[in-house]
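**Q** First the structure, which I've put down as structure tokens, then a few questions once you've had a look.
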Amino acid sequence: MQRARVSIDPAFVVAPVSRRIFGSFVEHMGRCVYTGIYEPGHPTADEDGFRGDVLDLVRELGVTTVRYPGGNFVSGYKWEDGVGPVEQRPTRLDPAWRTIETNAFGLNEFMRWTKVAGVEPMMAMNLGTRGLQEAIELLEYANYPAGTALSDLRIEHGAEQPHDIRMWCLGNEMDGPWQLGHMTAEEYGRLATRTALAMRQFDKDLELVACGSSSRAMPTFGAWEATVLEHTYEVVDYVSAHAYYQLLDGDHASFLACSADMDRFIHQVVATADHIGAKLSSDKRINISFDEWNVWYLRELQSGQGGLPEDWTEAPRTSEEAYTVLDAVVVGSLLITLLRHADRVTAASQAQLVNTISSIRTEPGGPAWRQSIFHPFAQTARHAKGTVLDLRLDAPTLTTATYGEVPVLDSVATYDAEEGRVALFVVNRHPSEPVSLSTSLRAFGDAALAEALVLADDDLTAANTESDPDRVVPRAHGDVKVDDGVLTAELAPASWNMFLLQVS
Ligand code: AHR
């Protein structure tokens with residue numbers, strides 16, 4: 001059996017756990033909004049039409065921020081269409097996802113929903129078909145208390161209090177040729193700078209996100225970030241990163257190792273941002289908002305199977321992935337990677353929340369259930385608290401076709417000094433072999449096991465469904481010992497594992 005060793009010491013701190021790492025994303029795409037979070041008439045819906053069963057699951061998932069309203073959708077969106085009396089709102093075509101958008105749900109509904117869900121909003125604005133003027137009008141409508149045309153209009157629309165939205169994305173994936181209003185880095189950098197400057201004239205403390213690359217595989221990756229940041233460096237706080245992964249051609253080893261790509265992505269964006277900071281003689285540091293990440297079977301979408309509808313329809317079933325055990329292990333590993341970079345990735349959004357590429361699935365008029373990927377997210381959001389520790393991992397490597405040699409384990413530890421709790425998250429990336437893990441916690445003094453969970457299965461294709469919603473759940477770890485400050489455990493092949501320890 002392969003053997004690996006981990007050492008954890010409270011003296012070696014990466015950064016505090018930013019709660020914003022546990023963000024999610026609600027886009028007007030497929031059934032994320034309509035019959036997802038919003039379904040008037042559903043047996044669990046409240047007077048606003050918000051599904052209560054979904055709200056319960058959102059809270060259980062532990063989501064902290066929610067990005068809205070897109071995504072590709074935002075680049076053709078007029079926010080004014082989604083406010084005011086519902087019966088007067090226009091129905092429009094959304095070319096991004098080939099759907100009919102009724103605008104029954106818009107900004108004020110979303111903001112009410114965030115209050116009930118207990119999450120922070122992260123608003124994206126349209127820099128595809130629109131620009132600076134729209135940005136400042138939206139800001140006045142959303143955030144100014146009262147006494148101006150647009151703030152009074154919001155009050156007339158039933159939102160008495162200003163929304164006070166702090167985080168704003170300056171457009172979405174403007175590097176992508178598929179994006180409405182796609183631009184060069186130079187064009188986008190100038191527009192984003194002008195828009196950010198104008199927004200800061202209204203409120204200098206807003207937190208602004210410039211568009212980075214839509215994936216590390218984009219031909220403009222690196223150069224895009226450098227050019228955009230040369231323009232925006234002093235006026236934004238974050239540069240975004242987006243990444244989706246999928247199992248291709250049955251290559252389990254590469255899929256299980258895909259967080260190595262996310263890891264390299266983060267290193268390279270940080271290096272590029274710091275290089276621009278050096279060029280500009282700036283003391284400021286730009287962090288990463290990893291505001292779209294997940295497993296997504298994009299190949300099927302692109303080939304038209306389960307993809308975009310031929311005809312324009314309302315809220316079609318787009319990208320309703322049925323996530324497997326393998327997908328859940330990968331999601332756990334991506335979250336481990338984000339946490340490991342807590343010093344520079346200080347915000348992230350899993351894409352998306354409900355039905356479309358999502359942790360939660362619903363049926364119209366029917367139940368809501370947790371997908372397999374719900375579980376590693378919920379457990380990590382619940383237990384990764386305090387600070388991220390810089391653990392030492394001594395593990396054999398695994399050779400993969402797509403990512404070369406990677407350590408067989410992906411791991412991170414957090415330490416909550418107040419509660420005296422260490423949480424260790426470990427993925428065994430090996431598709432077929434267990435790994436024997438030995439973890440030294442001696443630096444903490446006494447350590448006792450509080451809980452140990454594993455998500456693994458002989459059938460890696462097993463998934464949760466409407467009729468079998470708990471087929472894939474984490475289970476108590478069978479074989480864990482803590483003796484004399486050392487935790488030993490056997491990690492099943494292709495498994496996500498969590499160990500909680502009470503330390504002195
Ligand atoms: O999350 C789905 C889509 O993926 C988003 O709309 C877009 O930004 C990305 O390409």
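Since every read-out is calculated from the coordinates, none of them should be taken as a lab result. In this text, all values refer to a predicted model and were calculated from it rather than measured experimentally. Cβ placement follows ideal geometry from the backbone for every residue including glycine, while neighbour counts extend to all protein chains displayed.
**Q** Mind checking which of GLY70, VAL83, ALA192 is farthest towards the positive end of region 19-383's charge dipole, using Cβ charges of +1 (Lys, Arg) and -1 (Asp, Glu) about the Cα centre?
**A** ALA192
**Q** Another question, then. Counting only DSSP beta bridges with both residues in the chain, tell me the antiparallel percent, nearest 5.
**A** Percent antiparallel among DSSP bridges in the chain is about 60.
**Q** Within region 392-432, which GluC sites (Glu not before Pro) sit in a loop by DSSP and count at most 14 neighbouring Cβ atoms inside 10 Å?
**A** Details: sites: GLU405, GLU418, GLU419; in loops: GLU418, GLU419.
When the GluC sites (Glu not before Pro) of region 392-432 are filtered for loop state and at most 14 Cβ neighbours within 10 Å, GLU418, GLU419 remain.
**Q** Ok, one more. Report the trypsin sites (Lys or Arg not before Pro) located in region 301-357 that are in a DSSP loop and have at most 15 other Cβ atoms inside 10 Å of their Cβ, or state none. Walk me through the numbers before you get to the answer.
**A** Values: sites: ARG317, ARG340, ARG344; in loops: ARG317, ARG344.
Passing sites in region 301-357 are ARG317.
**Q** When the dipole is taken about the Cα centre of region 93-132, and only Lys, Arg (+1) and Asp, Glu (-1) are charged at their Cβ, what size is it in debye, to the nearest 20? Can you show the working numbers first?
**A** Values: 4 positive and 4 negative charges, 8 e Å.
For this selection, approximately 40 debye.
**Q** HN-Hα J couplings of region 490-498 from phi, Karplus 6.51/-1.76/1.60, θ = phi - 60°, integer Hz, Gly and Pro as x?
**A** Along region 490-498, the couplings run 9, 9, 5, x, 6, 10, 9, 9, 9 Hz.
**Q** Compute the separation of the alpha-carbon centres of region 190-260 and region 18-85 and state it in Å as a whole number.
**A** Their Cα centres are 23 Å away from one another.
**Q** Once you charge only the Cβ atoms, +1 for Lys and Arg and -1 for Asp and Glu, what is the size of the charge dipole of region 19-383 about its Cα centre, to the nearest 20 debye?
**A** Details: 31 positive and 50 negative charges, 157 e Å.
Here region 19-383 has a charge dipole of around 760 debye.
**Q** Out of every Cα pair in region 224-358, what percent are spaced more than 21 Å from each other? Display every interim value, and only then the final one.
**A** On the way: 4539 of 9045 pairs.
Roughly 50 percent, once rounded to a whole number.
**Q** Using DSSP to call loops (not H, G, I, E or B), can you name the trypsin sites (Lys or Arg not before Pro) in region 403-487 whose Cβ has at most 16 other Cβ atoms within 10 angstrom? Numbers along the way, then the final one.
**A** Details: sites: ARG421, ARG429, ARG442, ARG471, ARG475, LYS481; in loops: ARG429, ARG471.
In loop regions of region 403-487 (DSSP not H, G, I, E or B), the sparsely surrounded trypsin sites (Lys or Arg not before Pro) are ARG471.
**Q** Another question, if that's okay. Work out from phi, with θ = phi - 60° and the Karplus expression 6.51 cos²θ - 1.76 cosθ + 1.60, the ³J(HN,Hα) of each residue of region 206-221, listed in order in whole Hz, and give x for Gly and Pro.
**A** 4, 9, 10, 10, 8, 5, x, 8, 6, 5, 6, 8, 5, x, 9, 3
**Q** Toward the positive end of the charge dipole of region 19-383, about the Cα centre and with charges on Cβ (Lys, Arg +1; Asp, Glu -1), which of ILE360, GLY250, TYR141 goes farthest?
**A** Comparing the listed Cα positions along the dipole, GLY250 ranks first.
**Q** Same structure, new question: Do the sum for the chain: with -39,500 (n - 2.57) for every DSSP H run of n ≥ 4, divided by all residues, what is the mean residue ellipticity at 222 nm, to the nearest 500 deg cm²/dmol? Spell out each step's value before the answer.
**A** Working: 11 runs with 126 residues, N = 504.
Estimated from H runs of four or more residues: -7500 deg cm²/dmol.
**Q** Follow-up. In nm, what is the difference between 0.36 nm times the number of residues separating SER281 and LEU298 and their Cα-Cα distance? Kindly include the intermediate steps, with their values, before the conclusion.
**A** Details: separation 17, 0.36 × 17 = 6.12 nm, distance 4.06 nm.
Full extension from SER281 to LEU298 adds 2.1 nm.
**Q** Further question: Dividing the alpha-carbon Rg of the chain by 2.2 N^0.38 Å yields what?
**A** On the way: Rg = 22.5 Å, N = 504, 2.2 N^0.38 = 23.4 Å.
Here the answer is 0.96, to two decimals.
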